[in-house]
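Q: Let me begin by handing over the structure; questions about it come next.
The values are calculated or read from the model by the stated rules, or taken from the named source; none is laboratory data. Source: prediction; values computed, not measured. When we count neighbours, we look across all protein chains shown, and the Cβ atoms used for this are built from the backbone with ideal geometry, even at glycine.
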């Protein structure tokens with residue numbers, strides 16, 4: 001889903017395209033866990049072999065570019081040892097996770113990231129559906145990497161998929177992370193956590 005043309009606006013609520021700049025803040029030897037790293041695999045395109053892309057769906061992992069190590073796994077129960085990664089990322093992934101499972105994802109990210117490691121979460125702000133007639137929520141993203149631009153889109157059923165930076169911050173703190181930075185606008189956000 002990379003273009004808003006052809007989207008049935010009667011059924012799908014579409015927010016304006018979000019331009020997300022991905023700064024390469026990772027070290028040359030960092031091992032990076034990318035939760036929900038299938039599909040366009042934006043973080044995998046950024047750091048290729050330094051990335052372990054995790055997705056529950058094999059077809060999503062097959063779709064992403066060559067480079068990252070691809071692992072079929074549930075982010076709520078990662079098959080990795082404690083403190084295995086220097087960093088973790090979730091690029092427009094939590095929106096797909098049922099609300100009741102999001103805490104488990106943050107707990108697992110905390111478990112597998114080493115002390116002093118970071119966890120970056122980029123995602124859409126999904127308000128309550130309220131009186132909107134559409135039953136799906138969609139955001140198109142232009143991810144600007146240092147050497148390329150990746151155009152893609154993300155969509156979920158709207159009911160019970162509300163998401164905000166404040167919610168993610170609270171879940172991260174409950175998991176044990178410290179908040180380093182929160183940025184964004186009314187449609188998308190970027191939260192940076194540090195593991196003490």
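Here's the yes/no breakdown for (1) more than 25 Å from residue 184 (Cβ to Cβ); (2) in contact (Cβ under 8 Å) with a residue 60 or more places away in the chain; (3) crowded, with 19+ Cβ neighbours inside 10 Å; (4) touching a helix residue (DSSP H, G or I) at 6+ places or on another chain (Cβ under 6 Å):
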| residue | (1), (2), (3), (4) |
| --- | --- |
| 41 | no, no, yes, no |
| 46 | no, yes, yes, no |
| 55 | no, no, yes, yes |
| 62 | yes, no, no, no |
| 67 | yes, no, no, yes |
| 74 | yes, no, no, no |
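Q: Of all residues in segment 40-70, which are farther than 13 Å from residue 145 by Cβ and in a loop (DSSP other than H, G, I, E, B)?
A: The answer is 56, 57, 64, 66, 68.
Q: Okay, next question. What residue, of 155, 117, is more than 23 Å from residue 31 (Cα to Cα) and either out of contact with any helix residue (DSSP H, G or I) (no Cβ under 6 Å at 6 or more places or on another chain) or crowded, with 18+ Cβ neighbours inside 10 Å (or both)?
A: Details: 117 fails: more than 23 Å from residue 31 (Cα to Cα).
Residue meeting the stated conditions: 155.
Q: Determine if segment 156-167 includes at least one residue that is at positive phi and in a strand (DSSP E or B).
A: Within segment 156-167, none of the residues are at positive phi and in a strand (DSSP E or B).
Q: Residue 131 is checked against (1) without any contact (Cβ under 8 Å) to a residue 12 or more places away in the chain; (2) within 24 Å of residue 33 (Cβ to Cβ) and fails just one. What number does that condition carry?
A: Every listed condition holds for residue 131 apart from (2).
Q: Only one of (1) in contact with a strand residue (DSSP E or B) (Cβ under 6 Å, 6 or more places away or on another chain); (2) surrounded by fewer than 21 Cβ atoms within 10 Å (Cβ to Cβ); (3) part of a loop (DSSP other than H, G, I, E, B) is not met by residue 37, so which one is it?
A: The number of the failed condition is (2).
Q: Within segment 168-178, how many residues turn out to be free of Cβ contacts under 8 Å to residues at least 24 places away in the same chain and either more than 15 Å from residue 90 (Cα to Cα) or in a loop (DSSP other than H, G, I, E, B) (or both)?
A: Here the count works out to 3.
Q: Something else: What number of residues within segment 125-140 are farther than 17 Å from residue 191 by Cα and assigned to a strand (DSSP E or B)?
A: 5
Q: If you go through segment 71-124, how many residues are more than 12 Å from the chain's Cα centre (by Cα) and assigned to a strand (DSSP E or B)?
A: Final tally of qualifying residues: 11.
Q: Evaluate the following for residue 112: is it in contact with a strand residue (DSSP E or B) (Cβ under 7 Å, 6 or more places away or on another chain), farther than 25 Å from residue 48 by Cα and modelled with pLDDT of 95 or more?
A: no
Q: Test of understanding: among 183, 143, which residue is under 16 Å from residue 91 (Cα atoms) and either part of a loop (DSSP other than H, G, I, E, B) or free of Cβ contacts under 8 Å to residues at least 12 places away in the same chain (or both)?
A: Every option except 183 fails the conditions.
Q: When the residues of segment 86-102 are narrowed to those that are more than 18 Å from residue 22 (Cβ to Cβ) and touching a helix residue (DSSP H, G or I) at 6+ places or on another chain (Cβ under 7 Å), which ends up surrounded by the fewest Cβ atoms within 10 Å (Cβ to Cβ)?
A: If we take residues in segment 86-102 being more than 18 Å from residue 22 (Cβ to Cβ) and touching a helix residue (DSSP H, G or I) at 6+ places or on another chain (Cβ under 7 Å), then 102 is surrounded by the fewest Cβ atoms within 10 Å (Cβ to Cβ).
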